[in-house]
Each structure stands twice: as C-alpha cells, then as structure tokens.
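Novice: Please find one structure pasted underneath; my questions will follow.
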Amino acid sequence: MRNEREFPSSKSGQGVGARLPRKEDDRLMRGRGQFVADIRLAGLQDVAFVRSPLAHARIRGIHVPERYRGSVFTAADLVGINPIRAVSALPGFKISEQPVLATGKVRQVGELVAMCVAPTRAEAEDIAASVTLDLEELPAVYDMLKAREPGSALVHEHWGDNVFLETNFEVDISAALDAPIKVTREISTARQCMSPLEGRGVVATFDRRLDQLTLHSAAQMPHITRSGLAECLGMEEGLIRVISPDVGGGFGHKGILLPEEVCLSWLTMRCGHPVRWTEDRREHLVASSNCREHHYRITLYADRDGTLRGIECEATVDSGAYSSYPFSACLEAAQVASILPGPYKMPAYRCRTFSVATNKCPILPYRGVARTGVCFALELMLDLVAVEAGLEPGEVRLRNLVQPEQMPFDNITKKHFDSGDYPQAMRRALTSIDIDAIRARQRKGESDGRRIGVGISIYCEQAAHGTSVYAGWGIPMVPGHEQASARLTPDGGLELRVGVHSHGQGMETTLAQVAHEMLGIDVAKIRIILGDTAMTPYSTGTWGSRSMVMAGGAVATACRELGERARRIGAKLLQHDPVSVVLQNGEVRGVNGSVSLQTIAHTWYRRPQDLPADVDPGGLEVTQGYKPVRDSGTFSYAAHAAVVAVDPDVGEVEILDYVIVEDGGVLVNPMVVDGQIYGGLAQGIGTALYEEMPFDASGQPLATTLADYLLPGATEVPSARLDHMETPSPYTQFGVKGIGEGGAIAPPAAIANAVNDALRPLGVELMQSPITPHRVVTAVLAARTAERSAA
Amino acid sequence: MKPAPFGYERPRDLNSALSMLAAAGGSAKVIAGGQSLGPMLNLRLVQPELVVDISGLAELKQAELRDGELVLGALVTHADIEDGRTADVTRGAMRGVAANIAYRAVRNRGTIGGSLSHADPAADWISALAALGARVALRSLAGARVMAIEAFVVGALESALHAGEIVEAVHVPPRPVSAHWGYAKSCRKTGEFAHAIGAVLVDPARASARVVIGAIDTVPIVLTDAAELFGGRVAADYKQRFDARVADALLAKAGISDAAERHIHVSVLKRAVHEAAA
C-alpha cells in the first residue's frame, strides 16, 4: 500500500513517502564508491597477523626469525596499550579483558598473536608464515551447555565458571502450571557469520601537522570507535579522527571495536608511515566475530482453545571468549528475556538466561539481534500449541496477539508498543498466501513425491532504543539526543552532517528527502556528510534500526530551525513582519511577493550589505538535537508466510511462495524499505536453511571458506510478495519507525514451521536451524524407525 | 589470503611444458583455468615452487572425432561443451552435465582436463565421464598412456598422474541410440559442489548398465556392470527393478557409516535411474 499521507511538499515527488531512486547508486553501481581498501596513501604498508591456530592454549613462546625482527610486533612491544573492556552494569556481570595482541593465553582460533608489516600483503603473509608459536594446548570450551556444568575447562580462570551473566525474570509463573496444554521442547539456532560483501578494513596514518591519528575503518559507529580507541590507546579523543568511507554492508559486524584497529593505530605511530589491514574472507569466517548461537529449553502453557497461559524458558547464548565493545557479551542473552513474549498477551512468564563464555570468537548483535532466535523459538512452539489444540496455526496467533484497541500496549516484560494492528497483518498474510488453497493441495498430495507445507510467523521489532532502554544495560554506549547540523550554502544548496552512517541503507537519499520535506530544496542540491568524526556531530552511529527515527528526526529538527532563520531573513528582504511570511516550497512568501532560499542564502553570505542592522546574527548554519516524544523505541512488525516443498528422501527444501505483510509506520522511501526487506529476507533464509559455523571438540571452526559456509545466492531467494500497512508511530517525527532489521527476523521461523507442516504427517519435527538436507533426512529416518518399532 | 611465492612459466607448446614439469621434479603445479588451483594457492594449501600455465597450448584446445570417439583436448572448457562448441557423441548427456557445473563464470574458465586432474570427488566430470565409459589420455616426456576414468581417480584429490605428467585429452565413446542416460545431483545451493551424484547409462537392448555413485568422501563407486542394482539383470523394466538396498550396501561397504548420508545418495541415484527411464 502506498503511503497516502499528505505532507506539505509531497507534491514535488521528493519528500517523505516518495519512491525516489537512491542518489548514492550512481556512484556505487558504477564501481566508483570508495571503500577502505580503495584508499591509497604514500608510503602505505600492509599488515598480516599471526593468529592462534588453537582455540585454547598457553603461550610459551613466539619465535620470530632474525631477519624479520623489526617487522614483527607482539604484545611485549605494545607498552601502555590497554585491553578492550566492554563492561555491563547488570548485577553479576563478569568482566573479560581482551588483549589486542594475545598475552599469556589464546582463547579462540584466530586470536591475534603477532602483527607483521611489509610493503605488500603477500610479503606480510610470508613473514607471518615464518613466525612459529610454542603453544601448550588446553581443553577447549566449545559447547555452551557443557560450559555451564561444573568441572568444565575455564576460558577465564579467575571467574571460577564460564558465565558472563545470568539473569532471571518472572511474573507469576505458578499461575500457568495447571494449564491443560503444556508443550516443552529444546530449540537451537546455529552459530553464524554475518558476511557483509565488504569485510572489515583499516588504514591508519598519523598527521604530524594536526598531531592527529587518522583511522580509516569500515565501521558503522565511527564516534564509538573513536571513544574505544582513545580508551585503549590512552589518548585524548581530540587526537583521533575516525573516517568511515563507503561501507559495503554492516549488519552489526562493523559495530565492534577491533583489536586490529587498536594495533594498526599503535603501529602507524611506531613506524611513521601509513599501514593497512584488509580482512580476508577466511579471517572473517574464522577469527572476527560470530552471531546467533542460541539454545532454548522452553515450555508453553495454554488453554484448550489455544489461549496462552504462560511461557517458561531457559535460554543460553554462546557469547564467545570476550565481551565485545561496545555491546558487551550479555546484550544478546539478556535481551532474550525481555523480548521473548513479543506481541503476545499472557499472564505468566519466567525466563532465565545465561551468557556463556567459550573458546570461540566474540558474538555480536547481527541484524535482528536476539529477535531472530526468539522468534524462531516462540513461533515454532506456537505451532505445537496449535497442534495440541487442534487449531490452525493462524488461529492461535490471532487469539493471543495484542489487539489494535489495546494500543499503546505494555506487554508482560513492560515493553511499550507504540502502535500497530498485529492481527490485521496476520490475517492479510494468511489471505495472501491462500491458506485454504494450500490445505486443499496438501490433501491431494504431490505427484513428484515431495510434501508441501505452509508456515507463518510474526514478530515485533523494537527500534531506535533510547536512553531509558540502554541506561539499564550500563554498557559503554548509551544513546542520548541525536544531533544533525544543517547549513545553507551561499548558492542555496544544503549540507547536512549526521553522526550515523550509511552502509547500504540509502541514507544519502532518505535524509535528503526528510530535509526536502522541511525546506523544499531539490534533493539534487542536498549533500549528506557522514562517516567522519571530524565532520559530523557525535552519535552512537547506525545500529538497532535507529537512523531514520533518530537522524531523520534530527535532520527535520535542524531543518526546521534553519527554515525559521531563513524565514526571518526573508521577511526582512520582503520588508514584512516575520509573523506574516511563511516558508513554502523553498521560498519565503508574503502577501506582496516571495524570495527564494537561494536568494536568502546569497544575501546572507555574499551581500550582507543588503540586510538591515537588526537582522538575527545566528546565520544559516544550525545544529539541533532530537529525541522522540518517548524514547522506549518504535515497534514495527510483520507477518511472514512461506510455502515450501520438501523432498523427504533427499532433504531438499524449495520455497514456493513467500509473503510479507509489513508495518513500519510512515515510510520515508518505500522503495528503500522494500530493498531492506528483501535483503533481510535473504539473510533470514540463510539462517533458516544454509548458514552454520560448526566447531569440533578442540574448538576448531570447520567452515573456513565460502565453499563450506553457505550463503544464499540469487537462486535461493524467492521473489517475495510484499504488502505494506502503515500505522504511524505517535512518538516520532512524521510517524516513522525503524525498519532495518525485520526482514531477517521472521524467515527462519516461517520456513521451519512450513517444513514441519509438510513433514508432520510423517512424524517429523525439526527444532534446529539451519534445516539442512542431512537434518531433514536424519529426522525422517528416525521417524520411520520409530513408526516401525511402534507397529 | 595471498599465495606463497612461486615461479611462473607459460610455455607455448606441449613439449616445453612437459620439459618444465620434468625439470621441476614434482615441485611444480599445472594451472589451466585456475578455478580450483587458484583458491588453493591463495589459501596456501599448495605451495609449489613453479606454476606451469598451460592455457597457451593450442594443441590442448582441440576437439575432434577420431575413430568414432570424441577426443576433447584437456583445455576444452565446461562452457565450450555447454554451448555446443564441441562435437557431441553423447546425445546431449555431456552438455547437460556441463551446464550445471558450478556457475557460468567458473564454466567459462574451468577446463575438463583441470577438473579431472584435480580429482575432487564432488566434481561432476569424474562421475559423469566414468558412467559414459570415457578414458583419459596422459602424456609426459616419457610417453603417453590411456586409462579408464575410474582407474585414473585413485582417491580424494588424488589421481594416477605421475610427476611430470599431464592430462592431454579425454576420449568419449559414442552413446548408443538404445542407451538411456540419467544424471542427478543434490547441491545445498545452485552452483555449489554436490553432496550426492548419481550417474547411470542403461542400455536395456544390450542388457548393460554403467552406474556411478559420486560425491562421496572418497573415489566414486563405479559399477561397470550394474546388473546387481537391478535384481541381477538389466531389462526394459529396470526402473521398477532398482534395488535401493543393494545401493545402500555398496555405500556402507565404501565406508559411509551415516544412514542419512547413505539414504540421500541412494535417493539421488534413484532420481538418475528415473530420469534415464523417463
């Protein structure tokens, strides 16, 4: 559905709601983007790292051949460099210290041990290959459930166990225990790698004139990177400039402060020339950061008619060896407890969570963060309630979803839902997928021996979490007011400076649309400046689907103030009382005529002699801050429905149809939102069917190239059918809601439910992602064996 | 992910190439399309002292009919076969296989000789050509020899090539008009290596069948006389007579202990049999 709201300038086709082609695509689609690896600086040398080949070992020695001394640096050289510490204020949180180059022990395969510098990367790799490590292997902690047991090997000995944090949340669970329907299962999601097209990359250089370290990094949150760097390097923030140029996808992977960033910063100051490290795909897969590995022991309690009485859950998240900066090792698991109930009503709830340290690389919040796992667990369980109650899965959802007349709604964990009509989204998805036709087709059977199944899922996506949400976590980063700067140029163009970053989201276009909405300036004349701490206001950056709500709101606020200043100058030029003129379509208009913003800008900068002496001296450059009316977050949501065909003998799953009914509030650019949803869907399909980083018992990651770590490609992603609803947020500028992650949240649940729907008559149930051919066939054979022994 | 240092030569004729290989005494690798060796070099899984690039050898790019057989030079690409730029004696069987190897970009550069030399159990040609009864011609300075594909592949990533020897050509016998062809594979996603391959050439008129179960961890299982899979004899009703238990036992004997893995292989083989009979 198109956005039918009328904003003042929407007739121009460039404002809020316009399906405007992306401005940045001219550069990006012609291969003219500038990414970190494209940066060329005089005297640049390349870095390769010696990385730990073992998951857990004591370092007895590092042997560097004589001829390479001077090109190789170890922890012993990094005097005065602090380890990365990402603490949470949640009670009981145990602190990990991540040395930027390993000291004493290595705690994951791929951990940095030594840094090698040479004129080219190949030569640096040759040097790295010549360095030998004397390691005493220790038992690896590779299974998060075993890691919780007493007697497990310890990742951080002084803790006494392997638990970063345990949390408990309960509302009256005893009231649910006598429910007639009680379903209990174990559910898990595999460990994944985020796999943006562009990996991480760092170019560090030191500017003697400015006395400033400049770090170019493929990063989502340059200001946070600077704060983290300053802490590790023991430098003033003003001595550091972080530039994040074009970035080829982030998804959370580029939100972390890297030990490599700290190492190269130190190195360029030590060597006196620029240095570069470009993450290769093997480093990305093995060494950098992972995501998604959740385990649930979960029970749903319900009445015979499918009404939920309560949920009881114990969730464990494999956080890896270290707490990553700034999100910490506990964000994911602790978030499970607060978001598991989602958009469903229930009177009772209990959830215990464990953030567990293992000998794997740190876990990071990946697009959807804990929601993808939570949605998978809850929606699979709701299908089982439907089976027990003898109801259609859609019926169980409709019975338990929050109703539109209850909005705004505080759910059992006190999440504040700003607006929305969840039942309508579900009904539209069921209609669109044509559930009745599929049931009829299932009764008929397939001539090719495959089995058809339909699955649904629904979720909410809390976005643009504000101060009140993050203050509770007590992690190194808490978002406050978001700021934007707006400056009219002398020729009537507009420059906007924002501290968020764009790595595929199209913000050079959408923020320009917001400014156009406020000022009427042609988007072609609006430039967005981002990704540079020296050029932009401080911001926590781009994460948590916050940029359009927060930076969009800040741009609107700054433009409103800029427009007001222009209007007052315009009134002087028109010789009107300011109260009698308005700013409209890029002009200040009064009863006797109008003056364009271009003329106002030209006059202010180039012909101040034309202005009266009592003009407001504030000028045409403003910085303004913004927060929504409530900062507890916007709630966008979607219902997904999938039809699959499963071959029970080969285990192949084909997606035949896919429907998404989505409500992201008012959409600034629906075409960009469609792109976000398609991209998220592709990643969700990866979680559902393909992506998995397995480990062996010695903690070795087993998918070390993209031949083993499978990502969905063009042929694996169906042409989904999108349907938009629009319930404006009552709390934000224009009623927008954050929308960036949703596409990746619901597909694993919808697809798994569809596969289970297809195979349920065979007695098969799959409760683990990804659903691989081997897992399908193993389950089918087990069900056949069970049936034979029962017969 | 950069290769260790190596020497590089690009000879202009086969004899020079063979001389270079002989002189290197086993420390050289031959590169043609580079679709397998390239990544292996970058991952430093192989660290040869010398890489001999044979992509300039015109004599290995020939494809011709000789004594009723199709002789494909080692440098014929998968795309050459897919697009029909080479003659075909298999009545479309090889074109069908070629068209589903990896991705088009790989097929444009990847060569039939390179694929065989690499001897990846999950690759298509070692299974498909074994089922078609093809032979491979090898050459070194010491001379030439010809052997059946199934004899050429001796292990995972292990061929019968001696040091200094290269694949020169592939000899493909014509597929009789009465012979049915079926080729099925299961891949996790389009273009990925298969995790199960079934290839069958069944000729009910001559009561013969060649069957290959490929993409197992080791050499493909090649049955040059596959009557046992069809209840002891190959006849027009072979589809109905296909015995999954025999295939399962063969896989168990080949060391595949996981029942689901065997079941997938047997099911894919069954698909190939059904395709042949269709």
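What follows draws every value from the coordinates through simple rules; no lab data is involved. This is a predicted model, so every value here is computed, not measured. Note: ideal-geometry Cβ built from the backbone for every residue, glycine included; neighbour counts use all protein chains shown.
Novice: Going by C-beta contacts inside 10 Å, put B:Lys2, A:Lys627 in order with the fewest on the left.
Specialist: The fewest-first ordering by Cβ neighbours comes to B:Lys2, A:Lys627.
Novice: Taking a ≥ b ≥ c as the square roots of the eigenvalues of the Cα gyration tensor of the stretch B:1-120, is the shape rounded (a/c under 1.5), prolate (a/b larger than b/c) or oblate?
Specialist: Cα axes put the stretch B:1-120 in the oblate bin.
Novice: Then there is this: Any chance you could list the semi-axes, whole Å, largest first, of the equivalent ellipsoid that the Cα gyration tensor gives for the stretch B:183-277, using √(5λ)?
Specialist: So the equivalent ellipsoid measures 22, 15, 11 Å along its semi-axes.
Novice: Right, next: Cross-link list A:Lys94/A:Lys414; A:Lys345/A:Lys415; A:Lys94/A:Lys360; A:Lys105/A:Lys360: which exceed 19 angstrom alpha carbon to alpha carbon?
Specialist: Table pairs above 19 Å Cα-Cα are A:Lys94/A:Lys414.
Novice: Using the alpha carbons of the stretch B:58-172, what is the convex hull volume per residue in cubic angstrom, as a whole number?
Specialist: Taking the convex hull of the Cα positions in the stretch B:58-172, it is 98 Å³ per residue.
Novice: Using a basic spin-label model with each label point 7 Å from the Cα along Cα→Cβ, how many nm lie between A:Asp77 and A:Thr623?
Specialist: About 3.8 nm separates the two model spin labels.
Novice: Rounded to the nearest 0.05, what FRET efficiency do A:Arg32 and B:Asn100 have when you use their Cβ-Cβ distance and R0 = 35 Å? Write out the running numbers ahead of the final one.
Specialist: Details: r = 35 Å, r/R0 = 1.01.
Computed FRET efficiency for A:Arg32 and B:Asn100 comes out at 0.50.
Novice: Given labels modelled 7 Å from the Cα in the Cβ direction, how far is it in nm from B:Val146 to A:Arg304?
Specialist: Taking the two extended label points, one gets 8.0 nm.
Novice: Here's a follow-up. Take each of the peptides A:776-789, A:364-377, A:236-249, average the number of other beta-carbon atoms within 10 Å over its residues, and list them starting from the highest.
Specialist: In descending order of packing, they fall as A:364-377, A:236-249, A:776-789.
Novice: For a test of the definition: using alpha carbon positions, the gyration tensor, and the 1.5 limit on a/c, classify the stretch B:7-53 as rounded, prolate or oblate.
Specialist: oblate
Novice: Taking a virtual spin label 7 Å from the Cα of A:Ala129 along the C-beta vector, which residues in the stretch B:26-42 bring their backbone nitrogen under 20 Å of it?
Specialist: Only B:26-32, B:34-42 fall inside the zone, counting backbone N under 20 Å.
Novice: Which FRET efficiency, nearest 0.05, do A:Asp577 and A:Arg209 yield, Cβ-Cβ r, R0 41 Å?
Specialist: Taking R0 as 41 Å, the efficiency between A:Asp577 and A:Arg209 is 0.25.
Novice: Estimate the FRET efficiency between A:Arg443 and B:Arg233 by the formula 1/(1 + (r/R0)^6), using the beta-carbon distance for r and 45 Å for R0, to the nearest 0.05.
Specialist: The computed FRET efficiency comes out at 0.65.
Novice: Mind scanning B:Lys185/B:Lys253; B:Lys29/B:Lys185; A:Lys737/B:Lys189; B:Lys189/B:Lys270 and naming the pairs with a C-alpha gap bigger than 27 Å? Don't jump to the answer; show the numbers that get you there.
Specialist: Details: B:Lys185/B:Lys253 21 Å; B:Lys29/B:Lys185 30 Å; A:Lys737/B:Lys189 35 Å; B:Lys189/B:Lys270 20 Å.
Violating the 27 Å limit, Cα to Cα: B:Lys29/B:Lys185; A:Lys737/B:Lys189.
Novice: Over chain B, what relative contact order in percent results from Cα pairs under 8 Å that are six or more residues apart? Mind dumping the intermediate values first?
Specialist: Details: 609 pairs, mean separation 42.8, N = 278.
About 15 percent, as a whole number.
Novice: Calculated from DSSP H runs of 4 or more alone, at -39500 (n - 2.57) each and per residue, what is the 222 nm mean residue ellipticity of chain A, nearest 500?
Specialist: About -8000 deg cm²/dmol.
Novice: Further question: Can you give me the distance in nm between label points at A:Ser174 and B:Glu69, each placed 7 Å from the Cα along the Cα-to-Cβ direction?
Specialist: 8.5 nm
Novice: Starting from the Cα-Cα distance between A:Ala786 and A:Ala714, subtract it from 0.36 nm times their residue separation and give me the gain in nm to one decimal.
Specialist: 22.1 nm
Novice: Within the stretch A:520-538, find all residues whose amide N lies under 13 Å from a label point positioned 7 Å from the Cα of A:Thr489 along Cα-to-beta-carbon.
Specialist: A:522-529
Novice: Another question about this same structure. Taking a ≥ b ≥ c as the square roots of the eigenvalues of the Cα gyration tensor of the stretch A:295-379, is the shape rounded (a/c under 1.5), prolate (a/b larger than b/c) or oblate?
Specialist: It comes out prolate by the Cα gyration axes.
Novice: Could you tell me the ratio Rg/Rh of the protein assembly as shown? Both radii from Cα atoms, Rh via Kirkwood.
Specialist: Radius of gyration relative to Kirkwood radius: 1.00.
Novice: Could you pull out every whole DSSP H run in chain A that spans at least 24 Å of Cα extent along its own axis and averages 0.0 or higher on the Kyte-Doolittle scale?
Specialist: Numbers: long enough: A:371-389 (26 Å, 1.28); A:547-574 (37 Å, 0.34); A:773-790 (25 Å, 0.08).
What comes out of the filter, once short or polar helices are dropped, is A:371-389, A:547-574, A:773-790.
Novice: Follow-up. Peptides A:442-452, A:215-225, A:526-536: what's the order by average Cβ count within 10 Å, highest mean first? Kindly include the intermediate steps, with their values, before the conclusion.
Specialist: On the way: A:442-452: 13.1, A:215-225: 27.5, A:526-536: 20.3.
Per-residue mean Cβ counts within 10 Å order the peptides as A:215-225, A:526-536, A:442-452.
Novice: Then there is this: Under the 0.36 nm per residue contour assumption, what length would be gained going from the current alpha-carbon distance of A:Glu157 and A:Arg58 to full extension?
Specialist: Full extension from A:Glu157 to A:Arg58 adds 34.4 nm.
Novice: Let me ask something else. Could you compute Rg(Cα) / (2.2 N^0.38 Å) for chain B, with N its residue count?
Specialist: Output field value: 1.01.
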